[in-house]
Amino acid sequence: IPNIPADARWAQNGVTVAGGHGQGSATNQLHWPWGLFVDDDQTIVIADRYNHRIIQWKMGNTNGQVVAGGKGSGKQLDQLNDPTDVLIHKETDSIIICDSGNGRVVQWSRRSGTTQGEILIDNIYCSGLAMDNQRYLYISDYGKNEVRRYQIGDKNGTLVAGGNGQSAGLNQLDYPTCIFVDQQQTVYVSDWNNHRVMKWNKGAKEGIVVAGGQGYGNTLT
């Protein structure tokens, strides 16, 4: 997890590092890119959602490389369906993918010659993924309106946020999507339909609203 100073300032103009050649399926294009992960060497892996693939871009390259899926929408082990997030699991030299349209989380080796993945968790409406510094995997489930923590190989996991029905209570979520986990295993959740970001401390029974929570709108409060 990067240590970003509180007074950090960002350049006002960005630089295109992937895509930028219109909507499409060529290796220099993306179609509705969703989640992404940046490795230590600045390699970017992107959940290219409507191309049903994960594409990897090395810094400075003009074309990406398909590293998972890319064989059309489907549920075979060599296919993906609307992937929404991805991360790199360094210990196994693999990528873990939220294969949202297939209701599963899958793992693909990064080794050359890999042609299909394996299912880690099935029957889950996954949207977002995160991993803490102890290598626990966190998954947001918009079907059950919860976030769970898993050890790799564990099918059940431990509830860490939500799980009390679909609503706006502090112990509830409504379509959780993106998640982030800090060094204290605090979980931050983008709570889509509640128009807020929630913070759940480790072991907490309810969350804290840290952004939004005032309904849909464009004011700064």
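The values are calculated or read from the model by the stated rules, or taken from the named source; none is laboratory data. Please read all numbers here as calculations on a predicted model, not as lab measurements. Note that we place each Cβ from the backbone using ideal geometry, even for glycine, and neighbour counts take in every protein chain shown.
If you check every pair at least six apart or on different chains, which have Cβ atoms under 9 Å apart with a residue in the stretch 49-68 that is free of Cβ contacts under 8 Å to residues at least 12 places away in the same chain first and a residue that is acidic (Asp, Glu) second?
none
Identify all residues within the stretch 197-218 that are in contact (Cβ under 8 Å) with a residue 24 or more places away in the chain, within 14 Å of Asp174 (Cβ to Cβ) and part of a strand (DSSP E or B); write none if there are none.
Selection gives Met198, Val209.
For a quick check of your reading: which strands (runs of 3 or more DSSP E) sit entirely within the stretch 13-128 and have at least 2 residues that are closer than 25 Å to Gln151 by Cβ and over 20 Å from the mean Cα position of the chain (by Cα)?
Details: elements: 33-38, 44-48, 53-57, 65-69, 85-89, 94-99, 104-109, 118-122.
In the stretch 13-128, there are no strands (runs of 3 or more DSSP E) which contain 2 or more residues that are closer than 25 Å to Gln151 by Cβ and over 20 Å from the mean Cα position of the chain (by Cα).
I need the full set of residues from the stretch 161-181 which are in contact with a helix residue (DSSP H, G or I) (Cβ under 6 Å, 6 or more places away or on another chain) and either surrounded by 22 or more Cβ atoms within 10 Å (Cβ to Cβ) or of a type outside the set (Ser, Thr, Tyr) (or both), in order please. Give the steps one after another, and end with the answer.
Going residue by residue through the stretch 161-181, those that are in contact with a helix residue (DSSP H, G or I) (Cβ under 6 Å, 6 or more places away or on another chain) are 168, 174-175, 177.
Those that are in contact with a helix residue (DSSP H, G or I) (Cβ under 6 Å, 6 or more places away or on another chain) and either surrounded by 22 or more Cβ atoms within 10 Å (Cβ to Cβ) or of a type outside the set (Ser, Thr, Tyr) (or both): Ala168, Asp174.
Please give the number of the condition Ile152 fails out of (1) part of a loop (DSSP other than H, G, I, E, B); (2) farther than 24 Å from Gly103 by Cβ; (3) among the β-branched types (Val, Ile, Thr).
(2)
Over 22 Å from the mean Cα position of the chain (by Cα), within 30 Å of Gln134 (Cβ to Cβ) and either of a type in the set (D, E, K, R) or not in a loop (DSSP other than H, G, I, E, B) (or both) - does that describe any residue in the stretch 2-11?
Within the stretch 2-11, one or more residues are over 22 Å from the mean Cα position of the chain (by Cα), within 30 Å of Gln134 (Cβ to Cβ) and either of a type in the set (D, E, K, R) or not in a loop (DSSP other than H, G, I, E, B) (or both).
Taking the stretch 182-199, which residues are surrounded by 20 or more Cβ atoms within 10 Å (Cβ to Cβ) and farther than 14 Å from Ala130 by Cα?
The answer is Asp191, Asn194, Arg196, Met198.
Name the one entry in Thr177, Thr221 that is closer than 22 Å to Thr84 by Cβ and either at pLDDT below 95 or not in a loop (DSSP other than H, G, I, E, B) (or both). Talk me through it step by step, then tell me what you get.
Details: Thr221 fails: closer than 22 Å to Thr84 by Cβ.
That would be Thr177, the only listed residue that is closer than 22 Å to Thr84 by Cβ and either at pLDDT below 95 or not in a loop (DSSP other than H, G, I, E, B) (or both).
Pairs please, first residue from the stretch 70-97 and within 18 Å of Gly153 (Cβ to Cβ), second anywhere and of a type outside the set (Gly, Ala, Ser) and assigned to a loop (DSSP other than H, G, I, E, B), Cβ atoms under 7 Å, 6+ apart in sequence or on different chains.
Listed pairs, sorted by first residue: Leu77/Gln116; Ile88/Asp39; Glu91/Arg135; Asp93/Arg110; Asp93/Arg111; Ser94/Arg110; Ile95/Arg110; Ile97/Pro83.
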